[in-house]
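Input: a single structure, listed below in structure tokens.
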Amino acid sequence: PSTPSDGFWSSTPWVAPSIPWAWIVNFSLATTRASDVTDLNAVRCVRAGLPLCSPRFSVSSGWVTDATTNLKWYQTIPGAVPWAAAKAYCDVLGGGARLPTVKELATLTDYTKSQPTIDT
């Protein structure tokens, strides 16, 4: 809940010679694209969680556990930042927190919604 429908950084670099870009997931249109690492995008950190049965999402101590993927998402979203700052933000949280891969981030897309495709 309360997730902005912005572009979010992933840890997945965009493979191109001499171009420092990384993949983002845009929850406004349910798309992925590459973005220059100096661009400003939102951050949602993740770490491995424990399996749950139901409901799909549960909140505890600032972390949202997704029972479908067994990932724990940090609930607080800082302002938009460059990629390096996004990675550093997640590292500071400790406990294995990290910037998610583009595939992990895309699991938050709700294909039953349209513009935005996430629970805002």
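At full extension, Ser18 and Asp36 could sit 5.3 nm farther apart than now, given 0.36 nm per residue minus the alpha carbon distance.
Kirkwood radius for segment 63-118, taken over all pairs of different Cα atoms as the inverse mean of 1/r, rounds to 12.7 Å. Rounded to the nearest 0.05, what FRET efficiency do Ala85 and Ser61 give with R0 = 22 Å and r taken as the Cβ-Cβ distance? Could you check? Efficiency, rounded to the nearest 0.05: 0.40. Rolling a 1.4 Å probe across the protein heavy atoms gives the chain an accessible surface of 54 Å² per residue. Every helix of 4 or more DSSP H residues in the chain counts as -39500 (n - 2.57), and over all residues that averages to -3500 deg cm²/dmol at 222 nm. Here the contact order of the chain, divided by its residue count and restricted to Cα pairs under 8 Å and six or more residues apart, works out to 33 percent.
The values are calculated or read from the model by the stated rules, or taken from the named source; none is laboratory data. Since the model is a prediction, treat every value here as computed from it, not as a measurement. Virtual Cβ from ideal backbone geometry, glycine too; neighbours counted across all protein chains shown. These accessible areas exclude ligands, DNA and RNA; they are computed on the full protein's heavy atoms, side chains included. Shrake-Rupley method; radii C 1.70, N 1.55, O 1.52, S 1.80 Å.
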